[in-house]
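What follows is one structure encoded as structure tokens, with my remarks underneath.
What follows draws every value from the coordinates through simple rules; no lab data is involved. The model shown is predicted, which means the values in this text are computed figures rather than measured ones. Cβ atoms come from the backbone with ideal geometry, glycine included; neighbour counts cover every protein chain shown.
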Amino acid sequence: MAVTTGFIGLFLYHEGVKKWTAQNAWFLWAMLAVYIVTAIVLICCEGLRRQAPGNYIFLGIFTFATSILVGVISSRYRYRGFFYKLSNIYHPNLIISRAEMTNYFYFPSENSVLLAAGVTVVVCVSLMLFALQTKIDFTRYSLYFIHLSYYFIHLLYTLQSTFSFTLHSDSVEFCLCF
């Protein structure tokens, strides 16, 4: 994950790399082919997967191809804003200018993608460090943790929907009628 986060930063902030990948789409397809071939080899060839030098080589190639793919895709990612889309759904006659959208509804894509990758690295490293030092075995509770995480994800989506629904004055009047 740390290698992938480094590649994301390279593809997001280095203008030469970003421009070159935008002009050469074949590079994305070549890395996708390398990713698929190494994944199939790692999945299907059990002898290669369990032998010491071969598995490290293929895992390194797989990590490199995955990092390149995620870097190229994240350099082309643009987030338009969740609330902007909702305002067009609930108020089709409401027109928001580009400046207003940038001021109120637009989150920079470079920061959000890199932040998500960085948070993932921090979570993975902290879970690894916790697993190395703890005497508690949490693996038997994995089904409970999965159910609990689905519950919290559903709760977050419900709160987000409720919050965005009540941002509009017509929606508040609609809620009060029920």
Within the range 120-144, the residues whose backbone N lies under 13 Å from a label point placed 7 Å from the Cα of TYR77 along the Cα-to-Cβ direction are 120-121
Add +1 for every Lys or Arg and -1 for every Asp or Glu among the other residues with Cβ under 14 Å from the Cβ of ALA25, and state the total. +3
Bins of 5 Å, starting at 0 and running to the largest distance - Cα pair percent for the range 2-44: 5, 20, 16, 25, 18, 10, 5, 1
With Rg from the Cα atoms and Rh as the Kirkwood inverse mean 1/r over Cα pairs, the range 2-82 has an Rg/Rh of 1.08
